[in-house]
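Below is one structure; the comments refer to it alone.
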Amino acid sequence: MLAAKTFFETPSEQLTPRMEEDFFTSLMTRNKTYKTTFHDRFSDINPYLLEYLQHHAPPAPRILDVGVSSGISTVELYDDLRQGGLEVEILGTDILIDALLVRVFPKCHALVEPSGFPLRFDLPLVTMKPWVTRKDYYNGLFILRKFVNALFTRRVHRILRNPDNAGISEVKLVTPRALAKAGITMCTDDISRYNSAFEAKFDFVRAANVLNNGYFSHTVLSTMIANIGRYLRRPHGSLFVVRTHEDRANHGTLFRRGDDKHFEVVHRVGSGSEIEDVVLRAEIPEK
Ligand SMILES: C[S@@+](CC[C@H](N)C(=O)[O-])C[C@H]1O[C@@H](n2cnc3c(N)ncnc32)[C@H](O)[C@@H]1O
């Protein structure tokens, strides 16, 4: 596993897709979702989306990609749609984009959320995940992990009390390739909280590997769907919900806002979205 400090200090042209995948996939956020991601995840689906948007969206569609993680698949969607002739602009959002790399001791760093929640600890010879795994209880590693977690986290909180501390560096948990594209913007946003700045601003929303039954209750998912519904322009706004299974097959559903308050199904990929029923039941409030 690559140390967090090494990852952020590596020039972007030297960061390989494998390095990005390994690094982001090993991060678990405070709400217990993983920043799991990998390259070419949607190469089977993007051509269909291109064709759909060519016929059902303006020539310069505004897209919202929620739960982008590292933004690797956002860059790929952007490139595929641009190469297909759409003057697309994408806003990528995630509950965790901005993080802090904190020097806790000489040659020791902690990658943390702005609140101080730990994401990764770099020690002089190893880098470690903060949370204890079942395997740790068999090999005794849980003692070390709990000790490092308690020590580093206490230090981090003390250091963060002084935001001007020279040991704090701001970092973005996003691939530098996304930040370099003029048509892609990344910002922090929680899908479960309505954001009035997004109201009726988007022609298409993609929710890839985030609106999963395993992550959220049906109540939370319904709130998220209702929020997303409000972000879509009418009459053509559409939403694509997809999940990649362990065999790397994608299963998703493309929806559009049907009557004023509900989504309807346009197209299914694989066996469709696992939350299709939640999306169809969700009521989109009027402004
Ligand atoms: C598995 S990754 C999906 C990455 C990317 N969309 C893909 O499919 O390759 C899930 C992402 O959703 C984000 N996430 C979890 N809860 C969220 C919320 N309430 N609002 C916004 N993003 C959230 C996580 O931080 C994580 O980066």
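So for region 68-80 (the condition being at pLDDT below 95, open to solvent by 40 Å² or more (accessible area, probe 1.4 Å) and not in a helix (DSSP H, G or I)), does at least one residue qualify? No, region 68-80 has no match at all. Elements of the type helices (runs of 4 or more DSSP H) sitting completely within region 128-182 and holding at least 3 residues that are at pLDDT 90 or above and under 30 Å from VAL68 (Cβ atoms): these cover 141-160, 176-179.
Summed over region 245-272, the residues that are at pLDDT below 95 and either at positive phi or open to solvent by less than 40 Å² (accessible area, probe 1.4 Å) (or both) give a count of 3.
In region 29-67, the residue that is surrounded by the most Cβ atoms within 10 Å (Cβ to Cβ) out of those that are part of a loop (DSSP other than H, G, I, E, B) and of a type in the set (Phe, Trp, Tyr) is PHE42.
Tell me yes or no: at least one residue of region 225-240 is in a strand (DSSP E or B), within 14 Å of the ligand (Cβ to nearest atom) and among the β-branched types (Val, Ile, Thr). No; the residues of region 225-240 include none that is in a strand (DSSP E or B), within 14 Å of the ligand (Cβ to nearest atom) and among the β-branched types (Val, Ile, Thr).
Being under 23 Å from the mean Cα position of the chain (by Cα) and closer than 10 Å to THR253 by Cβ is the filter here, so list the residues in region 272-287 that pass it. Within region 272-287, GLY272, SER273, GLU274, ILE275, GLU276, VAL279 qualify. Look at (1) in contact with a helix residue (DSSP H, G or I) (Cβ under 6 Å, 6 or more places away or on another chain); (2) within 23 Å of ALA197 (Cβ to Cβ) and you find that LYS287 fails only one, number (1). Taken over region 7-28, the criterion of being open to solvent by less than 20 Å² (accessible area, probe 1.4 Å) and of a type in the set (Ser, Thr, Tyr) is satisfied by SER26 alone.
The values are calculated or read from the model by the stated rules, or taken from the named source; none is laboratory data. Everything numeric here is computed off the predicted structure, so don't read it as measured data. A quick note on method: Cβ atoms are made from the backbone with ideal geometry, for glycine too, and the neighbour counts reach across all protein chains shown. Note: accessible area is taken over every heavy atom of the protein model, side chains too, but ligands, DNA and RNA are not part of it. Shrake-Rupley method; radii C 1.70, N 1.55, O 1.52, S 1.80 Å.
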